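Accompanying notes for the structure given below.
Quick note: the coordinates plus some simple rules give every number you see, no bench work behind them. Just so we're clear, the structure is a prediction, and the values are computed from it rather than from any experiment. No Cβ is skipped: glycine too gets one built from the backbone with ideal geometry, and neighbour counts run over all protein chains shown.
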Amino acid sequence: MSESNKIELPHAFTPREYQKPFIRAFRDLIVKRFILVWHRRAGKDKTCFVELPAKMFERIGAYYYLAPTYKQGKKIIWDNIDNDGFQMLQHIPKSIVKRRNETEMRVELVNGAYVQIIGTENLDALMGGNPMGIIFTEYSLHTPEVWNMLRPILAVNGGWAIFNYTPRGTNHAYKLLKEHEDDPNWFTQVLTVDDTHVLTPEDLEEEKKSMPRDLYEQEYYCKFIDGASQFFKGIEKCIYTEEPYEQPELLHEYKQGTDLGQVNDYTVITTIDLNTFKVGKQERFNHIDYNLQKSKILAKYYQFRSPTMTADNTGIGIPILDDLSKEITNLERYTFTEKTRMNLLVNLQILIEQQKIKIPNDPILIQELKSFEYILGAKGKVSAGCPENLHDDTVMSLALAVWGIPDKPLEIINPYHEMRLQAINDMSIDDKTGYLK
């Protein structure tokens, strides 16, 4: 190969000073296990990925880049484009690529070695493989079973493993770091913003303003704080233990929230008692035709004496609500946008943290609430959601139900008592006889 045709690996990458200790250790492979606990936006994945092609030429074989889910792998690596418009996959020069499979997210080099981006939510996808090297992105979000499955393979073939992540509490990733931070056979590195100086003080101040303190400490100072990412806190204190109600109480007033399912999602109807702020048993169903779905919604509406209903007015919900509005006169349509969805969730978050509402001990609802986490966008924008492999229907229905409820539970008004008081007030005494007129 002529000098003009030579390819230098890593390709199109100039490391920062704080990245160099790992790069030197990885190129030498004096140790074969690496833990990188770097703060958010420190370039963990780019640093790991750009070093990979050279290793694939040193030893022909399979290499796995493991993400917690397929979608995350596609987003973090396969479709990733940096701030300069440079694609992550461009760090593998086209001249050394033999073929590329979009569906399998696999790149094969001219020498037969290949790298595949795999989501570990499906452990079967890892069965039967013999990787020479593996990189975990966001290892703290993987299940421990993945490493337990792959470590014997690397022990036999002499392969290497990298675990890169930002903390998510004192889970398996924290334990792995603690077990090996003084182990001479492991390279471990924890880098905070004070170590990298990637972000300016002004940037950090803006980040601090936009997120809870624990989340900020976790993302930028790599602190292992349990529950720092959890969006809903104090859930257990809001749970009531008795069986949730399914019928209305006499003289009580109610409100309902309906989240309409799309494709494989569930439609969920939530009822809250405005006199006690207790949430009843949720109605949850999917894979039924529209007429039956409509009948179930109307049945629940009439069962609770035609309460105000706040319903999802997005996508498939629009034509359904157009139809339901012919019978539900006090229907409030709620259109989801990025902003209005967050407003809805923050309102529910506050009600739970302040223990204003009581929720049933429903395993599905509790699991969905606990699965919600803060999500930090590429530019530091904060949102909330649950993992891609879980549903959020019961949470969104609950959020719709409690949207706009009064600050305090309503007083129960007995109309018969009021009529009696009014009758007494209307009575007058004859001054001469002393009897009622």
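Let's test the formula: R0 of 22 Å, r as the Cβ-Cβ distance of K71 and I364. What FRET efficiency results, to the nearest 0.05?
So, using R0 = 22 Å, E works out to roughly 0.45.
Report the full-extension gain for the segment R213 to N347: residue separation times 0.36 nm, less the Cα-Cα distance, to one decimal in nm.
Separation in residues times 0.36 nm, less the Cα-Cα distance, equals 46.3 nm.
Under the rule of -39500 (n - 2.57) per DSSP H run of 4 or more residues, summed and divided by the residues of the chain, what mean residue ellipticity at 222 nm is obtained, to the nearest 500 deg cm²/dmol?
After summing the helix terms and dividing by the residues of the chain, the value is -9500 deg cm²/dmol.
Run down the lysines and flag those whose C-alpha is under 20 Å from the C-alpha of K233, throwing out any fewer than 8 positions away in its chain.
Result set, ordered by chain and number: K208, K209, K223, K278, K356, K358, K370.
Please report the projected area of the chain's Cα convex hull averaged over all directions, in nm².
Seen from a random direction, the Cα hull of the chain projects 30.6 nm² on average.
May I ask you to compute the full-extension gain from K175 to N111, defined as 0.36 nm times their residue separation minus their alpha-carbon distance, rounded to one decimal in nm? Don't skip to the end; give the middle numbers.
Details: separation 64, 0.36 × 64 = 23.04 nm, distance 3.79 nm.
So the extension gain works out to 19.3 nm.
Cα centroid distance between region 360-386 and region 104-121, in Å?
31
List the residues whose amide H sits under 5 Å from the amide H of H39, counting only those 5 or more places along or on another chain, with H placed 1.01 Å from N in the peptide plane.
L191
Taking R0 as 35 Å, what's the FRET efficiency between R27 and D265 from their Cβ-Cβ distance, rounded to 0.05?
The value I calculate is 0.15.
What's the long-distance tail for region 3-199, i.e. % of Cα pairs beyond 32 Å?
10
Summing Lys, Arg as +1 and Asp, Glu as -1, what charge do residues with Cβ under 13 Å from the Cβ of F34 carry, F34 excluded?
+2
Over every pair of different alpha-carbon atoms in region 1-60, take the mean of 1/r and invert it; report that Kirkwood radius in Å.
12.9
Rg and Dmax in Å for region 236-402, alpha carbons only: what are they?
Computed over the Cα atoms of region 236-402, radius of gyration and Dmax are 15.5, 52 Å.
Amide H to amide H, which residues 5 or more places from N361 or on other chains are under 5 Å from it, using H placed in the peptide plane?
Here Y240 satisfy the definition.
For E243, project a label point 7 Å along Cα to C-beta. Then give me every residue of region 262-295 with its amide nitrogen under 15 Å of that point.
Correct set: 280-282.
Rounded to the nearest 20 Debye, what is the dipole magnitude of the chain about its Cα centre when Lys and Arg each give +1 and Asp and Glu each give -1 at the C-beta?
The calculated dipole for the chain is roughly 960 debye.
Can you give me the distance in nm between label points at D194 and L410, each placed 7 Å from the Cα along the Cα-to-Cβ direction?
It is 5.4 nm.
Roughly speaking, what is the stretch gain from L390 to N148, that is 0.36 nm per residue apart minus the C-alpha to C-alpha distance, in nm to one decimal?
Going from the current span to full extension adds 84.8 nm.
In whole Å, what is the distance between the alpha-carbon centres of region 230-250 and region 37-83?
About 43 Å separates the Cα centre of region 230-250 from the one of region 37-83.
May I ask you to list the lysines whose Cα is less than 17 Å away from that of K71, ignoring any residue fewer than eight positions away on the same chain?
none
So which chymotrypsin sites (Phe, Trp or Tyr not before Pro) in region 55-99 are both in a DSSP loop and have at most 14 other Cβ atoms within 10 Å of their Cβ?
Values: sites: F57, Y63, Y64, Y65, Y70, W78, F86; in loops: F86.
Here the chymotrypsin sites (Phe, Trp or Tyr not before Pro) that fit, given the DSSP loop and packing criteria, are F86.
Using the beta-carbon distance between N157 and H11 and R0 = 30 Å, what value does 1/(1 + (r/R0)^6) give for FRET efficiency, to the nearest 0.05?
0.70
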